[in-house]
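Okay, so here's the structure we're looking at.
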Amino acid sequence: MGLLSLFSKPAPTLVRLPTGSFTVDREGAIVVATLPSSFPDALVHDIGEQVLACFREATVAQLPLSEIIINYPSLKITARELRGGAIVYLAAKAPYARMTKN
């Protein structure tokens, strides 16, 4: 039976989707956050990095972008540019989402 366990995938865990906000500086460091401590820090940093990258790419392309709104089926992300940094608002549409471990 040990051979079969090599091919089985771990069961995904449920992560409670947050409602709150966080602010990142121009280097991507989290300055302030009102998110629950149970929400993984790695996800907060990933979201912050992607938001900053989007604002930087818009600046390089000379597009006047000051706000981004991303709608997922269970989460809404709104980000506003703050002189190189950003403030990001997370609003859950559904209370839980699956998080798969890679």
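Only the coordinates and a few stated rules stand behind these numbers; no lab work does. Since we're looking at a predicted model, the values are computed, not measured. Reconstructed Cβ throughout: ideal geometry from the backbone, glycine too, with neighbour counts over all protein chains shown.
The number of residues in the range 24-54 being crowded, with 18+ Cβ neighbours inside 10 Å and under 9 Å from the mean Cα position of the chain (by Cα) comes to 4.
Evaluate the range 41-60: report whether one residue or more is closer than 13 Å to residue 19 by Cα, aliphatic (A, V, I, L, M) and without any contact (Cβ under 8 Å) to a residue 24 or more places away in the chain. Steps first, answer last, please.
First, the residues of the range 41-60 that are closer than 13 Å to residue 19 by Cα: 44.
After this cut, where a residue has to be aliphatic (A, V, I, L, M) as well, the list is 44.
Among the residues that remain, those that are also without any contact (Cβ under 8 Å) to a residue 24 or more places away in the chain are: 44.
The answer is yes; a qualifying residue exists.
Look at the range 62-73: where a residue is farther than 24 Å from residue 93 by Cα and touching a residue at least 12 places away in the same chain (Cβ under 8 Å), no partner that is in a strand (DSSP E or B) and of a type outside the set (D, E, K, R) sits 6+ places away or on another chain with Cβ atoms under 6 Å.
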